[in-house]
Amino acid sequence: MRGPLDPTIYDTSRPVQSWWEATAPPWDGPAPLAGDSAAEVAIIGGGYAGLACAIRLAELGIGSAVLEAGPIGWGASGRNGGIVGLRSDKLSDGAMLRRYGEDELERYTRAAVEGNRRLHAFCLAAGLGDSVQGDGELWLAHSARRAIALERETAAFGVTLEYLPPENLAGIRRHGGLVVRPGFGIDPLRLVRALADQATGLGVRVCPRSEVTLWDRDGARHRLVTAGGAVTARRVVLATNGFTPDGLNRRFHGRAVPVISNIGVTRQLDEEERASLAWLGPQPGACTRNLLSYFRLLPEGRLLLGMRGDIRGSPAGAAGMRQAVETRLGREFPSLAGVALTHFWRGPICATARLTPAVGLLSEDASIGHAFGWHGSGINGAQIGGRLLAEVLAGAPQSHIPAPLRGLPMRLPFPGLRPLYVGATQALFAVQDAVS
């Protein structure tokens, strides 16, 4: 696997060393692909989107095989912050309305609400209730202007809102907050493994450690080759998000924009330190900066904090980014200044040039589907996109996918320069955050 980031980012033999990985219970996962086989649909990517697509296809009576380059959960689906929010775009409601109209914004939002509630019910049914936290997502205003905007937000399309004035946020320098419901926190690695178990139980062939190294075509059928064998299929889905490889299929080259996210987890906080976070409670949260940070008080009494950072993800930059996360921790939560991290890890999220996800079938070849571009909020968005794509593969029209999610984004010019584009965008965001 290769892409625009440092080669180590794509090395599936490297352990993630996340808190989730360190505390994961034993799991007998499926085996890699061995030998040649056939499937109606072959899905490249065994994260939330790929597995959700396979599960929905199975419910609709269509067989599939899922090919994942690393162990199940090695990618973003097993190493993210575990915040299950609503939308997976980076557009304001105003921009969304201007671009797509109110009807499509409503379809998109209602799909997000339904998906969030469905995922919550699945977590409880799958025995993950001990890691489910809260019933909403808290957004903290980083400026008085943003606090006014949050206070003026109105509930719509199944979303409920609760404004928190500054006096409800004792101990932090914040102007106000907004709890958006539904939403919750979860252990993401346990979740993706539970989805793999569900898919396997429905007859899906889930194959970890089965990186697709060659994708060719023989008439009406695609052939996906791995180190252990090959799968031929009438249709193929690409669901690789921030790990979308360059060179596997030219139609996707340069359309996925990987952006490094860095996450740290503290030692277990003492009683006084936890009391200083009483305003947070079980809700996961984030700040309203363009260069946001996100956070959760985990069930074990540790604080998780994540943020964007370096543009290539090289090993040489890891120590500096770990220090940056610790610095941000002290700035966001003054009572925790000086608290060290016991776990630190990182990996790419995926953006697109249009700042919305990309779900659908290729216009020039309807035998190829895609679902990627979750903009760092993919737990809910990816499973929605995977399910919608499965329904289109089963015969629904592409208009079944809400317009903000539908279709392939533009290819960026000079795709090898994507990290530099990201760096320039982050510099612009930093200026905007400072001004606001």
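Residue count for the range 150-193, restricted to those that are under 26 Å from G115 (Cα atoms), surrounded by fewer than 19 Cβ atoms within 10 Å (Cβ to Cβ) and not charged (D, E, K, R): 8. Would it be correct to say that D310 is crowded, with 17+ Cβ neighbours inside 10 Å, acidic (D, E) and farther than 30 Å from A141 by Cβ? No; evaluated as a whole, the condition is false for this residue.
The numbered conditions (1) small (G, A, S); (2) closer than 18 Å to L5 by Cα; (3) over 21 Å from the mean Cα position of the chain (by Cα); (4) open to solvent by 30 Å² or more (accessible area, probe 1.4 Å) are all true for G317 except (4).
Candidates L280, L329, L291: the one that is in a loop (DSSP other than H, G, I, E, B), farther than 30 Å from A353 by Cβ and touching a residue at least 40 places away in the same chain (Cβ under 8 Å) is L280.
Scanning the range 194-229 for residues that are surrounded by fewer than 20 Cβ atoms within 10 Å (Cβ to Cβ), hydrophobic (A, V, I, L, M, F, W, C) and in a strand (DSSP E or B) turns up L214, W215, V225. Of the residues D11, D36, D28, the single one that is of a type outside the set (V, I, T), surrounded by fewer than 17 Cβ atoms within 10 Å (Cβ to Cβ) and at pLDDT below 95 is D28.
Considering A371, A430, A382, the condition of being outside any strand (DSSP E or B), at pLDDT 95 or above, small (G, A, S) and open to solvent by less than 50 Å² (accessible area, probe 1.4 Å) is satisfied by A382 alone. Beta carbons closer than 7 Å, at least 6 apart along the sequence or on distinct chains, pair a first residue in the range 189-216 that is without any contact (Cβ under 8 Å) to a residue 40 or more places away in the chain with a second that is among the charged types (D, E, K, R) and surrounded by fewer than 24 Cβ atoms within 10 Å (Cβ to Cβ) for D216/R223. For the range 39-129, the helices (runs of 4 or more DSSP H) that sit wholly inside it and include 1 or more residues that are under 30 Å from L214 (Cβ atoms) are 48-59, 76-79. When the range 281-298 is filtered for residues that are more than 18 Å from the chain's Cα centre (by Cα) and at pLDDT 95 or above, the ones remaining, listed by number, are L297, L298.
The values are calculated or read from the model by the stated rules, or taken from the named source; none is laboratory data. Not measured: the values here are computed from a predicted model. No Cβ is skipped: glycine too gets one built from the backbone with ideal geometry, and neighbour counts run over all protein chains shown. Only protein heavy atoms, including side chains, enter the accessible area calculation; ligands, DNA and RNA are left aside. Shrake-Rupley method; radii C 1.70, N 1.55, O 1.52, S 1.80 Å.
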